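Below is one structure, written out as structure tokens; comments come after it.
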Number of protein chains: 2
Amino acid sequence: MNYYTLFVFLKNSITMLVNNVKLGIIGVGNMGTVHAQNVFSGKVPGLELAAAADRNPVRREWAKDYLPAGFPIFNDGNELIQSGLVQAVLIATPHYDHPPLTIQALKAGLHVMCEKPAGVYGKHVREMNETAIKSDRVFGLMFNQRTNCYYRKMHELVHSGKLGAIKRVSWIVTNWYRTQAYYDSGNWRATWAGEGGGVLLNQCPHNLDLLQWICGMPSKVRAFCHNGKWHDIEVEDDVTAYLEFPNGATGTFITSTADTPGTNRFEITLEKGKLVIEDNKNLILQELEVSEREFCKTAAGGFDQPPLNLINVETDGSNEDHNGVLKAFVGKILYGTPLVAEGTEGIHGLVISNAMHLSSWLDTTISLPVDEDLFLEELNKRRAQ
Amino acid sequence: MNYYTLFVFLKNSITMLVNNVKLGIIGVGNMGTVHAQNVFSGKVPGLELAAAADRNPVRREWAKDYLPAGFPIFNDGNELIQSGLVQAVLIATPHYDHPPLTIQALKAGLHVMCEKPAGVYGKHVREMNETAIKSDRVFGLMFNQRTNCYYRKMHELVHSGKLGAIKRVSWIVTNWYRTQAYYDSGNWRATWAGEGGGVLLNQCPHNLDLLQWICGMPSKVRAFCHNGKWHDIEVEDDVTAYLEFPNGATGTFITSTADTPGTNRFEITLEKGKLVIEDNKNLILQELEVSEREFCKTAAGGFDQPPLNLINVETDGSNEDHNGVLKAFVGKILYGTPLVAEGTEGIHGLVISNAMHLSSWLDTTISLPVDEDLFLEELNKRRAQ
């Protein structure tokens, strides 16, 4: 560390001690409330709750009760953004508002942490990303499952190359159980106009992000989305999708909000082994001593199999979840250290979700990249219903 | 038991003790050899190996070496059938020959145990079944996995109705690993002309039979079969299929001969619980105290879940495998006791397999029943290549 970087370090440290990053939370519904409580109670060092906004008077009442007298509470995200009271915003509104609020905040010179999904349709999110790329502000996405030590380790093992190329991916993630009461709790929920989709947009952005983060983007998607199959809703609550990746690997992704007990089992078969995570915990590696591709061609016996080692993979055990994402956000703002997930990466999982919807709507296989205009046209038909 | 049935019982018992059922095995390749050894060494009481046939001189040589001097060994199944030396035949030839040999044997007044699959295409198997229905001879299929105590228990639990209707089925059965040497071991193997398919025809008939036996027949199939993806063969060695059942339940079936370590995990989600069998052993039941369908509509909390009990299901522990199927065959011939699998039931799994092939060939969803003429036309195109 030279004198200059030492100077910057000390300056930022003092800034942080004396003057925390002032955060405004836009939307204090289900998730925004959790974030507001975490930040307000000091669980994210360096981050100070300085304002909140919600369009819903019931949620503003909650904020008034929870926060000190005189705490700035706005009726609308725009007002909060323009207030001059904050350096950063956390956006936890319904999905359609993520891109426009992010764009407004970045343009107003604020750092942005946006809840998942990045938005509802690729075209919207692309505009948001273009603004973010031009901006010098920090833009992160709340992909808290990327902080899970097992998924981090899986990502590390796959990307290290030591297990060779991916051959097959199977994710059964049907443990997103929701009752009818959940869907009845907000009239924007599970509607094309209010939310733009169902389980793919609300519950699965984490899984779709982890899928692309660990395995890369598929090149083809054939999905079977069932709308209102198990609940009185107009969007999908049951999805089975078949994926093909650029290297020829195949995959399935199965999800639902109506299975209880559900399953959460993510399996990746590679040339030199198999990785399995169940219930977001424990990573099992069955590692081959030689590559299956080589073994297949050279083994003398028709039923021979290469020797393997069963490994209960050690991890660092850390799973900082939402607050870990926020800590990294503060770190990036003050010290330039990495985010958990760059905001611009949010488009990837959304594109997979868009491809699944479009495949089901058109009853055909969709090649990626998705035709964004066609997707929006088809989505708008459903929003207008 | 009245005097008459007692008389029949004693007569049959004496017949069996004095005069075993004389069996001819047609085809002493991989499986036929195992059956010949089992029967010859007395592992199936009441069944006596009386003749063998194989078109391959190498396998006839093996039979001559293994069996006593002068043991009847034929060059061809027809000769064995017409020899008058046997009362029953076990057919373990390449798949295309199963229906014609079965038809010949039944018409010659012989009982028939046929190896899986029932045949290669539905039309052929339907003809065989029509002959069997008209015949008074016993006709069974070698679905030895139906003797597995876990699958039997799963079948019993699903069919009891106590767990309600099926909602979802996921079978990942990728533990059929085969090397290139396996495919190189016979020139009929893994060809359209010789075998009529790959992993679906050779390895998966067991799984497809269990699937339909336990869950019933699907009404729609969308499959993605990859030909020669991992081996130098012309047929499929990698399949992912999506299924829909008449009640709206969905399913996936994933198989391959190139995954090692593979997976064998069969999961069924029902209205009142979830059943999982891994690696053909241990049946885990997570049983709900109330039906999910009822709970979903009445629960007050959006994230509530019904209480459940985790049960490691007890079974009778019996898994008689191939010899169990043959014992039941003898029992049916002598006493009219039930077979493990009626021969006419073999068509069901084959129809699913045909639907998967046709779906992949035509790149579309196939509704069942499959158009048998269309399937045969498409198969013949590939056989002629």
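Using a cut-off of 24 Å between alpha-carbon atoms, which lysines can reach A:Lys297, once sequence neighbours fewer than 8 places away in the same chain are excluded?
A:Lys162, A:Lys167, A:Lys272, A:Lys274, B:Lys229
Per residue, how much accessible area does the protein assembly as shown show when a 1.4 Å probe rolls over the protein heavy atoms, in square angstrom? Mind showing how you got there, number by number?
Working: 30020 Å² over 770 residues.
With all protein chains present, the protein assembly as shown gives 39 Å² per residue.
Using a 1.4 angstrom probe on protein heavy atoms only, which residues from the range B:299-332 are buried by at least 40 Å² of accessible area when all chains are present rather than their own chain alone?
B:Gly302, B:Phe303, B:Gln305
Taking Cα pairs under 8 Å and at least six residues apart, what relative contact order does chain A come out at, in percent? Each step should come with its number before you reach the end.
Numbers: 782 pairs, mean separation 70.6, N = 385.
Over chain A, the number comes to 18 percent.
What is the ratio of the Cα radius of gyration of the range B:73-157 to 2.2 N^0.38 Å, where N is its residue count, to two decimals?
Ratio of Cα Rg to 2.2 N^0.38 Å: 1.19.
Hey, with R₀ at 35 Å, roughly what FRET efficiency would A:Thr364 and B:Trp188 work out to, going by the Cβ-Cβ distance, to 0.05?
0.45
Pairing the Cα long axis of helix B:122-134 with the longest principal axis of chain B, what angle in degrees results, from 0 to 90 and rounded to the nearest 10?
So the inclination is approximately 60 degrees.
Need one number: buried accessible surface between chains A and B, 1.4 Å probe, both sides summed, DNA, RNA and ligands left out, in Å² to 100. All intermediate terms of the calculation are to be shown ahead of the outcome.
Numbers: alone 17310 and 17340 Å², together 30020 Å².
Counting both chains, the buried surface is close to 4600 Å².
Out of residues 5 or more away from B:Cys114 or on other chains, whose amide H comes under 5 Å of its own, with H placed 1.01 Å from N in the peptide plane?
Answer set, sorted by chain and number: B:Ile91, B:Gly140, B:Leu141, B:Met142.
Residues of the range A:167-181 losing 20 Å² or more of accessible area relative to the isolated chain, 1.4 Å probe, heavy atoms only?
With the partner chains in place, the range A:167-181 has these residues losing at least 20 Å²: A:Lys167, A:Arg168, A:Ser170, A:Ile172, A:Tyr177, A:Arg178, A:Thr179, A:Gln180, A:Ala181.
Pop out the ³J(HN,Hα) list for the range A:312-320 in order, Karplus 6.51 cos²θ - 1.76 cosθ + 1.60 with θ = phi - 60°, rounded to Hz; leave Gly and Pro as x.
3J(HN,Hα) across the range A:312-320, in whole Hz: 8, 5, 7, 10, 7, x, 8, 8, 7.
Heavy-atom accessible surface, probe 1.4 Å, ligands and DNA/RNA ignored: which residues of the range A:248-276 lose at least 40 Å² versus the isolated chain?
When all protein chains are present, A:Thr252, A:Ile254, A:Asp259, A:Thr260, A:Pro261, A:Thr263, A:Arg265, A:Lys274 each give up 40 Å² or more of accessible surface.
Where a Cα-Cα gap under 25 Å defines reach, which lysines qualify for B:Lys64, not counting those fewer than 8 residues away within the same chain?
B:Lys22, B:Lys43
Plugging the Kirkwood radius over Cα pairs into Stokes-Einstein for the protein assembly as shown, at a temperature of 25 °C and a viscosity of 0.890 mPa s, what D comes out in µm²/s?
Translational D for this selection: 84 µm²/s.
Top mean-square fluctuation among A:Glu267, A:Glu294, A:Glu195, Gaussian network model of chain A, C-alpha springs under 10 Å?
Ranking A:Glu267, A:Glu294, A:Glu195 by mean-square fluctuation puts A:Glu294 first.
Enumerate the whole-percent occupancy of each 10 Å bin, from 0 to the last occupied one, for all C-alpha pair distances of chain A.
5, 22, 30, 25, 13, 5, 1, 0
Excluding residues fewer than 8 places away in the same chain, name every one of the aspartates and glutamates whose C-alpha is closer than 15 Å to that of B:Lys123.
B:Asp97, B:Glu345, B:Asp371, B:Glu372, B:Asp373, B:Glu377, B:Glu378
Roughly to the nearest percent, how much of the accessible area of the protein assembly as shown is carbon and sulfur, given a 1.4 Å probe?
Looking at the protein assembly as shown in its full context, I get 51 percent from C and S.
Report the extension gain between B:Asp304 and B:Gln385 in nm, rounded to one decimal, defined as 0.36 nm multiplied by the number of residues separating them, less their alpha carbon distance.
Gain on stretching B:Asp304 to B:Gln385: 23.4 nm.
Once you have the alpha carbon radius of gyration of the range B:125-251, what is it after dividing by 2.2 N^0.38 Å, with N set to its residue count?
It is 1.23.
For the Cα atoms of chain B, what angle does the longest principal axis make with the long axis of helix B:321-335, in degrees from 0 to 90, nearest 10?
Helix B:321-335 sits at roughly 60 degrees to that axis.
Between A:Glu342 and B:Leu374, how many nm apart are label points set 7 Å from Cα along the C-beta direction?
4.8 nm
Which angle from 0 to 90°, rounded to the nearest 10, does the C-alpha axis of helix B:149-160 make with the longest principal axis of chain B?
Around 60 degrees separate the two axes.
The values are calculated or read from the model by the stated rules, or taken from the named source; none is laboratory data. Worth saying up front: this structure is predicted, and the values here are computed from it rather than measured. Cβ coordinates were reconstructed from backbone atoms using ideal geometry, including for glycine residues, and neighbour counts include every protein chain displayed. For the accessible areas, the whole protein counts, side chains as well, though only heavy atoms, and no ligand, DNA or RNA atoms are used. Shrake-Rupley method; radii C 1.70, N 1.55, O 1.52, S 1.80 Å.
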